[in-house]
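J.: Just passing along the structure, written as structure tokens.
Read the figures in this text as sums done on the coordinates, not as results from a lab. Being a predicted model, the structure only gives us computed values, none of them experimental. Here the Cβ positions follow ideal geometry from the backbone for every residue, glycine too, while neighbour counts run over all protein chains shown.
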Amino acid sequence: MERVIESSGLTINSFARYVGLPRGENLYQIKRGNYGVSLGVAKKIHAKFPQYPISWLMHGEAESAATPEGDAFVVRIPVYRDSSVAEFPPKEVPERYLLLSAEEARGAQIALCTDDQFGTVLQHWLVLLREPDGEVINGRVYFVMTECFYLFCSVYRIEGDPARLRLKSLFATADDDLEVRCEEICVMWPVCGAICGLK
């Protein structure tokens with residue numbers, strides 16, 4: 001919390017007012033370590049400072065904290081090669097870290113290095129992902145994992161059937177258009193961007 005407030009250039013009370021908190025006393029207590037950061041406070045801060053992920057504000061997870069470098073913020077994003085990463089934050093030790101400007105990272109909290117199982121088109125990409133923060137956005141690209149498969153796809157709600165989703169592959173395949181029950185989905189992380197053609 002101290003890093004966030006210092007990088008803003010505001011006093012604690014000014015910071016509290018800027019993010020929409022009634023007073024700075026809670027921030028003083030958080031800064032001293034007497035309280036943790038609640039989800040509500042983390043969301044307010046993230047809304048004004050999106051370079052700080054909600055999970056990091058609350059728990060310091062995934063180490064994707066932004067640090068000032070010149071006039072820009074640089075985000076340190078952990079990179080995982082194992083496509084079976086299914087928890088947030090992942091418990092595996094990251095292979096390395098990727099440094100991007102906050103603008104380029106677009107809110108990403110982890111990067112997944114795709115392997116041969118994603119086919120030749122997506123092989124050796126770094127796909128930037130973040131933790132889901134609400135309901136499904138129609139047409140948005142997600143990394144979806146079930147017990148039977150995982151893929152990058154556009155996700156659509158099915159009108160009149162809230163218990164199912166339609167998954168449209170980003171590339172034409174035999175499984176170009178799938179319908180799955182929501183309960184079958186283990187992971188559905190929003191895709192923030194991708195860096196392609198890595199070897």
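J.: Return the long-range amide H neighbours of Leu170 (sequence gap of 5 or more, or a different chain), with a cut-off of under 5 Å between placed amide H atoms.
T.: Ser154
J.: So if each residue of separation counts as 0.36 nm, and I subtract the Cα-Cα distance between Tyr97 and Glu183, what length gain in nm does that give?
T.: Result: 27.7 nm gained on full extension.
J.: Turning to a different aspect of this structure: For Glu2 and Glu104 in one chain, what is 0.36 nm times their gap in residues minus the Cα-Cα distance, to one decimal in nm? Provide the component values of the computation, followed by the final result.
T.: Working: separation 102, 0.36 × 102 = 36.72 nm, distance 2.44 nm.
Working it through step by step, the gained length comes to 34.3 nm.
J.: Measuring from label point to label point, each 7 Å out along Cα→Cβ, what is the Ser169 to Ser154 span in nm?
T.: It is 1.6 nm.
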